[in-house]
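See structure below.
The values are calculated or read from the model by the stated rules, or taken from the named source; none is laboratory data. Bear in mind that the values here come from a model prediction, so they are computed numbers and not experimental data. Here the Cβ positions follow ideal geometry from the backbone for every residue, glycine too, while neighbour counts run over all protein chains shown. Ligands, DNA and RNA are stripped out before the accessible areas are found, and what is left, the full protein with its side chains, is counted by its heavy atoms. Shrake-Rupley method; radii C 1.70, N 1.55, O 1.52, S 1.80 Å.
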Amino acid sequence: MIIILLGAPGSGKGTQSKRLADRYGYQHLATGDIFRAEIAKKTTLGLKAQDYVKNGKLVPDAIVTEMVAGRIDAKGKFLLDGFPRNLEQAQALDSMLKKDGVTVSLVCLLALDSAEAIRRMSARRICSQCGAVYNAATAPPAKDGVCDACGGAVVQREDDTEATAKKRLMVFDDLTQPLVAYYRGEQIFEEVDANQAPEKVEAALAAFIEAVGAKS
Ligand code: ADP
């Protein structure tokens, strides 16, 4: 079972994927998290990706698809968060899965307007060790700058500054929206209003996942 979560930066893909992956036994494959971890460890992949990530640009497709191909198992249960991000990546994913006779089970769009996306990205803080996500205004860690889960340092992502956040939204509009249009006409496509409280978004997504599970 392969599920894709689509949505603008700040729409809650990461938060929701973590919750749903735990709840339904999916592996959470978050390309942004992988790049941040590889950049922190200064691996070859991290060095290749770092300038793109820092500047809010997409990492070149060949690098991303090779990375995903090495981590995905078409016969497993995967929740994809941040991939595919353009039409080329979607086609690459389809051909990876096709070898095993598998197709994508569900594509969910977390729909959010740009002004709210910018507000959320500016307030977002993450743990530099475990990736836990906080919001400086609405959901800060109990102790300022310290992760509740692992005690790591809670920081602002380098690409969450206002100028880079705006650039990432432009990249989303230019490259990812055509992908939304591509999936929108298909039966596997569902849309959730991401302006709602996280629990409501989760409930809506859970209903779609359960419906797909029931069909398989
Ligand atoms: P968000 O969805 O909030 O923008 P992510 O954590 O998913 O953040 O991604 C952060 C950055 O990692 C992107 O701006 C981009 O540089 C890189 N990245 C992640 N996934 C991909 C992808 N599928 N293709 C290209 N670049 C990617």
Check: Dipole magnitude of the chain about its Cα centre, charges +1 at Lys/Arg Cβ and -1 at Asp/Glu Cβ only, in debye to the nearest 20?
Finding: 460
Checklist line | Net lengthening on full extension, A142/E116 (0.36 nm per residue, minus Cα-Cα) | finding: 6.9 nm
Item checked: Accessible area (Å², per residue) of the stretch 155-211, counting only protein heavy atoms and a probe of 1.4 Å -> 55
Next item on the list: Relative to the longest principal axis of the C-alpha atoms of the chain, give the angle of the C-alpha long axis of helix 13-24, reported between 0 and 90° and rounded to the nearest 10°.
Entry: 60
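Shape of the stretch 1-127 from its Cα gyration tensor (a ≥ b ≥ c, root eigenvalues): rounded if a/c is under 1.5, otherwise prolate when a/b > b/c, or oblate? Before the final figure, lay out each step's value.
Numbers: a/c = 1.61, a/b = 1.18, b/c = 1.37.
Judged from the Cα gyration tensor, the stretch 1-127 comes out oblate (a/c at least 1.5, b/c at or above a/b).
Given R₀ = 45 Å, what would the calculated FRET efficiency be for E162 paired with D22, taking r from the Cβ atoms and rounding to 0.05? Numbers along the way, then the final one.
Numbers: r = 32 Å, r/R0 = 0.71.
The pair E162/D22 has a calculated efficiency of 0.90.
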Margin query: Just to confirm the number: angle between the C-alpha axis of helix 114-123 and the first principal axis of the chain, 0 to 90 degrees, nearest 10?
Written below: 50
Notebook entry, point to check: Once both labels are modelled 7 Å past Cα along the beta-carbon direction, what's the A69-V102 spacing in nm?
Noted result: 1.6
Notebook entry, point to check: Can you give the accessible area of D174, probe radius 1.4 Å, in Å² rounded to 10?
Noted result: 110
Notebook entry, point to check: When only the heavy atoms of the protein chains count and the probe is 1.4 Å, how do M121, M170, M96 rank by accessible area, highest first?
Noted result: M170, M96, M121
Notebook entry, point to check: At a probe radius of 1.4 Å, what is the per-residue accessible area of I126, in Å² to the nearest 10?
Noted result: 20
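Over the chain, what is the percentage of antiparallel beta bridges among all DSSP beta bridges, to the nearest 5? Kindly include the intermediate steps, with their values, before the conclusion.
On the way: 8 of 26 bridges.
So the antiparallel bridges amount to about 30 percent of the total.
Order D100, D144, most accessible first, counting only protein heavy atoms with a 1.4 angstrom probe. Write down the numbers at each step before the final one.
Numbers: D100 70, D144 150 Å².
Descending accessible area places them as D144, D100.
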Item checked: Cα gyration tensor category, rounded, prolate or oblate, for the stretch 48-199 with a/c compared to 1.5 -> prolate
Next item on the list: Measure nothing but the geometry: give the 0 to 90° angle between the long axis through the Cα atoms of 44-54 and the longest principal axis through the Cα atoms of the chain, rounded to 10°.
Entry: 70
Next item on the list: Heads up, I need the accessible area for V133: 1.4 angstrom probe, whole protein in place, Å², nearest 10.
Entry: 70
